[in-house]
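The values are calculated or read from the model by the stated rules, or taken from the named source; none is laboratory data. As the structure is a computational prediction, the values presented were derived from the model and not from experiment. Here the Cβ positions follow ideal geometry from the backbone for every residue, glycine too, while neighbour counts run over all protein chains shown. Ligands, DNA and RNA are excluded from the accessible area calculation, which covers all protein heavy atoms including side chains. Shrake-Rupley method; radii C 1.70, N 1.55, O 1.52, S 1.80 Å.
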Amino acid sequence: MKNIVACIDGSKLTLATCEASAWVAQKVKAPLTLLHVLDRTARPVVSELSGQIGIGSQEELLNELVELDELRSKVALKHGKQLLNDAEELAHVKGVDEIYKLQRHGSLLETLCDIEHQLRVLVIGRSGEEHSASKAIGSQLESVVRSIKAHTLVVSETFAIPNSYMIAFDGSATSDKLIEKAKNTPLLTGLECHLVMINGSGDQTAAFKQASNQLKDAGVRVTERVLTGHVDTAILDYQQQQQLGMIVMGAYGHSKLRQYFVGSNTTQVLLKSTVPLLLIR
């Protein structure tokens, strides 16, 4: 059985990631794997000038740096294990029974690619530990979303179980695929759907209506809205006005929304949204 995988790194988004992954695991009835990845630590390099300019203390200094680096690695390993234990306890409290813990050395992307065959839904914070002080998006997030062929739930600082979600539709073949997958995704079962289109007209409007009917035929409660304005602003404003619990998008499709989400507007939505963003593959 494929697992829900939650990326745990100790940043301020870790609690929200744990809570969101516990909800996902229960919603789709799948085991939960808590993943902590220790990045490779750069080792000191002996200077090529040390023998020529007579720096006799260079070797001694390097030895001290190596010892310090090894100690730092041991502390990071211990800290990571404690993070996983705390996350496991929280997941149990939230009602998850089948939980696995996984700690790896290396890069996050390489690790996720290695275990992708076990992956059903990935839950990850929009920023990692190195970006927790600022409100920047994690440097690895885009590469992970582009590379992993599984649904990805990106969470912000807090998480609340959603009872509704929004899908942005643009009338393209990619949007049609998104509708088809959304109506068959257990994670969205029982939630109210707000289907929105931004600046739509003509054939797009007909496709929009057809998409709404497909969702309704699948038993989904649908509210239709046509919005105007810039895509990112329209989506965020509508989500806030309606207090929707989640935004659902296709992950880098081949449509106008692809240009939108690959470009700067992706950053704006992820930075400004206070609700999770579910990227469907």
Original post:
Taking segment 222-243 as the region of interest, how many residues are assigned to a strand (DSSP E or B) and out of contact with any Leu (no Cβ under 9 Å at 6 or more places or on another chain)?
Top reply: 2
**OP:** Considering every residue within segment 197-218, establish whether at least one is under 22 Å from the mean Cα position of the chain (by Cα), surrounded by 14 or more Cβ atoms within 10 Å (Cβ to Cβ) and of a type in the set (K, R).
**Re:** no
**OP:** Spot the failing condition for G128; the list is (1) modelled with pLDDT under 85; (2) surrounded by fewer than 19 Cβ atoms within 10 Å (Cβ to Cβ); (3) among the small types (G, A, S), and only one is missed.
**Re:** (2)
**OP:** State all residues of segment 11-34 that are surrounded by fewer than 22 Cβ atoms within 10 Å (Cβ to Cβ) and of a type in the set (A, V, I, L, M); if no residue qualifies, say none.
**Re:** L15, A16, V28, A30
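Please work out which residue is most open to solvent (accessible area, probe 1.4 Å), limiting yourself to segment 82-120 and to residues that are assigned to a strand (DSSP E or B) and in contact with a Leu (Cβ under 6 Å, 6 or more places away or on another chain).
Taking segment 82-120 first, the residues assigned to a strand (DSSP E or B) are 99-105, 119-120.
Add one more test, that the residue is in contact with a Leu (Cβ under 6 Å, 6 or more places away or on another chain), and what stays is 99, 101-102, 105.
Working: I99: 25, K101: 95, L102: 44, H105: 132 Å².
Only one residue tops the list, namely H105.
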**OP:** Kindly indicate whether any position in segment 171-185 is surrounded by fewer than 22 Cβ atoms within 10 Å (Cβ to Cβ), under 24 Å from the mean Cα position of the chain (by Cα) and under 23 Å from T274 (Cα atoms).
**Re:** yes
Original post:
Among (1) modelled with pLDDT of 75 or more; (2) in contact with a Pro (Cβ under 6 Å, 6 or more places away or on another chain); (3) not β-branched (V, I, T), where does C7 come up short?
Top reply: (2)
**OP:** Only residues in segment 68-80 that are without any contact (Cβ under 8 Å) to a residue 12 or more places away in the chain count as the first member; pair them with residues that are β-branched (V, I, T), Cβ under 6 angstrom, at least 6 apart or cross-chain, and list the lot.
**Re:** none
Subject >> Test: K78 is within 26 Å of the chain's Cα centre (by Cα), under 20 Å from L34 (Cα atoms), open to solvent by 40 Å² or more (accessible area, probe 1.4 Å) and at pLDDT 90 or above >> reply: no
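Please verify whether A160 is touching a residue at least 60 places away in the same chain (Cβ under 8 Å), under 18 Å from the mean Cα position of the chain (by Cα) and open to solvent by 60 Å² or more (accessible area, probe 1.4 Å), treating the condition exactly as stated.
yes
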